[in-house]
1. When you go through I240, I259 one by one, which is the residue that is of a type outside the set (G, A, S), over 30 Å from T221 (Cβ atoms) and not in a loop (DSSP other than H, G, I, E, B)?
2. Would you check if there is a residue in segment 149-163 being farther than 27 Å from G39 by Cα and either over 16 Å from the mean Cα position of the chain (by Cα) or touching a residue at least 60 places away in the same chain (Cβ under 8 Å) (or both)?
3. For segment 1-42, how many residues are surrounded by 16 or more Cβ atoms within 10 Å (Cβ to Cβ), part of a helix (DSSP H, G or I) and under 24 Å from the mean Cα position of the chain (by Cα)?
4. Within the set of pairs 6 or more residues apart or between chains, which connect a residue that is within 12 Å of V2 (Cβ to Cβ) and touching a residue at least 12 places away in the same chain (Cβ under 8 Å) inside segment 21-32 to a residue that is of a type in the set (D, E, K, R) and assigned to a loop (DSSP other than H, G, I, E, B) with Cβ atoms less than 6 Å apart?
5. Of the numbered conditions (1) loosely packed, with under 14 Cβ neighbours inside 10 Å; (2) among the β-branched types (V, I, T); (3) within 19 Å of K19 (Cβ to Cβ), T75 fails exactly one; give the number of that condition.
6. Those residues that are of a type in the set (A, V, I, L, M, F, W, C), buried (at least 22 other Cβ atoms within 10 Å of the Cβ) and at pLDDT 90 or above, I need them from segment 177-196; list them, please.
7. Tally the residues that are touching a strand residue (DSSP E or B) at 6+ places or on another chain (Cβ under 9 Å), over 18 Å from H11 (Cβ atoms) and free of Cβ contacts under 8 Å to residues at least 60 places away in the same chain, restricting the search to segment 90-109.
8. Can you name the residue in segment 43-72 that is in contact (Cβ under 8 Å) with a residue 24 or more places away in the chain and either among the small types (G, A, S) or within 17 Å of V147 (Cα to Cα) (or both) and, of all such residues, is surrounded by the most Cβ atoms within 10 Å (Cβ to Cβ)?
Amino acid sequence: MVASAEKSSEHPLGQAIVKHAQDAGLTLSAPSEFGAVAGHGVRARVDGHAVLVGNAKLLGDEKIALDGLEAQARTLADEGKTAMFAAIDGQAAGLLAVADTLKPNSKAAVAELRKLGLQVYMLTGDNPRTAAAIAKQVGIDHYFAEVLPGQKADKVKELQGQKHVVAMVGDGINDAPALAQADIGIAIGTGTDVAMQAAEITLISGDLRGVVTAIALSKRTIRTIKGNLFWAFFYNVAGIPIAAGALYPFLGWLLNPIIAAAAMAFSSVFVVTNSLRLRNFRAPAI
């Protein structure tokens with residue numbers, strides 16, 4: 001019944017339930033009615049039955065007693081799983097747990113970001129217990145739980161209001177406003193086109209280590225630019241007065257035009273050569 005209700009859902013959690021039911025060989029019906037409640041779950045009518053699937057608030061709003069399922073939901077949340085309540089025809093019918101599979105390199109990527117001196121935050125629609133469990137697994141100290149899709153951009157604004165420069169990493173339609181609001185939006189290339197349009201940087205793969213590489217390369221590029229500016233100004237500040245004869249009254253020095261031209265050319269060659277050193281950049285070993 002729950003999988004049938006989720007057939008029309010585009011949410012990853014709903015799709016996971018449908019896939020699991022299909023893998024188990026269950027026969028699913030198409031819901032005659034369907035409505036998504038943003039951030040809370042879905043309402044549907046399956047084979048004439050009213051079906052609710054979502055968090056405790058969704059069932060609470062309908063005055064449906066959870067019949068002791070809360071304790072099991074808390075246990076699942078402590079394990080880093082998202083617990084979803086199901087109700088059929090106004091009665092609590094069961095509990096389903098769905099868990100995000102952490103990408104193998106997520107923990108290492110977070111650790112490397114912290115080595116770069118960055119604070120890492122997690123935005124999630126999960127309840128605080130599940131959020132805390134997942135954050136602990138990947139080594140994240142800061143997280144915002146029970147964030148509705150429309151609130152992600154508000155959380156980015158909140159951090160910016162605390163004088164933080166914020167980079168947002170996301171891949172979904174709901175992430176697009178937050179990606180646009182952030183000082184730097186970083187979209188995962190395996191995500192939605194809307195997210196990539198809203199971001200300044202798109203990572204080709206879905207590997208979070210790409211975020212570390214992008215930031216490390218950006219820092220290296222800025223150091224190179226500053227070095228180029230310093231030497232370009234140094235050559236001009238030092239060379240132009242000498243070429244104009246500023247030292248002639250004191251030391252009798254005049255700069256030969258040929259030497260002046262060579263020095264100017266060397267300045268350009270130096271800047272270009274220094275920039276080409278970026279070709280030797282290697283991503284941090286994670």
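1. Numbers: I240 fails: over 30 Å from T221 (Cβ atoms).
Answer to the selection: I259.
2. Yes, because at least one residue in segment 149-163 is farther than 27 Å from G39 by Cα and either over 16 Å from the mean Cα position of the chain (by Cα) or touching a residue at least 60 places away in the same chain (Cβ under 8 Å) (or both).
3. So the answer is 3.
4. Short answer, once both residue conditions are applied: S29/D47.
5. Here T75 clears every test but (3).
6. Those that are of a type in the set (A, V, I, L, M, F, W, C), buried (at least 22 other Cβ atoms within 10 Å of the Cβ) and at pLDDT 90 or above: A178, L179, A182, I186, A187.
7. So the count comes out to 2.
8. A44
The values are calculated or read from the model by the stated rules, or taken from the named source; none is laboratory data. The structure presented is a predicted model; accordingly, all values stated were derived computationally and were not measured. Reconstructed Cβ throughout: ideal geometry from the backbone, glycine too, with neighbour counts over all protein chains shown.
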